[in-house]
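Enquirer: After the structure tokens below, expect a handful of questions from me.
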Amino acid sequence: MKDKVKIEFDKYELGILVNSIMEFRNNKIKEKLCTESLDDLYVKVVESYDKLQNPCPLLSFTRKENVR
């Protein structure tokens, strides 16, 4: 059984989270490391945000082949 944590973010905090994930992901790509777990985390964040009434157009993402 996986432990789950529920955290509430406002739009500003969510923006910081998304930017941090993407910055970390970009660094991993530069280092030629796998980004699959970051991709999954990003998708979870975006999907949870999409459930809100006011979706943000900046949260779009296309998954590409990972560098391994």
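The values are calculated or read from the model by the stated rules, or taken from the named source; none is laboratory data. Everything quoted here is computed from the prediction, not taken from an experiment. Using ideal geometry, Cβ is built from the backbone for each residue, glycine included, and neighbour counts are taken over all protein chains shown.
Enquirer: Can you spot a residue in the range 23-40 that is part of a helix (DSSP H, G or I), in contact with a helix residue (DSSP H, G or I) (Cβ under 8 Å, 6 or more places away or on another chain) and basic (Lys, Arg)? Before the answer, list the steps.
Expert: Filtering the range 23-40 for residues part of a helix (DSSP H, G or I) gives 23-30, 36-40.
Imposing the further condition that a residue be in contact with a helix residue (DSSP H, G or I) (Cβ under 8 Å, 6 or more places away or on another chain) reduces the set to 24-25, 28, 38-39.
Narrowing further to those that are basic (Lys, Arg): 25, 28.
Yes, the range 23-40 contains at least one residue that is part of a helix (DSSP H, G or I), in contact with a helix residue (DSSP H, G or I) (Cβ under 8 Å, 6 or more places away or on another chain) and basic (Lys, Arg).
Enquirer: Can I ask one more? Would you please list the contacts, defined by Cβ atoms under 7 Å and residues six or more apart or on different chains, that run from a residue in the range 16-42 that is surrounded by 13 or more Cβ atoms within 10 Å (Cβ to Cβ) to a residue that is among the hydrophobic types (A, V, I, L, M, F, W, C) and not in a helix (DSSP H, G or I)?
Expert: Within 7 Å, the pairs are Leu17/Phe9; Val18/Leu59; Ile29/Val67; Tyr42/Phe61.
Enquirer: Among the numbered conditions (1) modelled with pLDDT under 80; (2) surrounded by fewer than 14 Cβ atoms within 10 Å (Cβ to Cβ); (3) not hydroxyl-bearing (Ser, Thr, Tyr), tell me where Asp3 comes up short.
Expert: (1)
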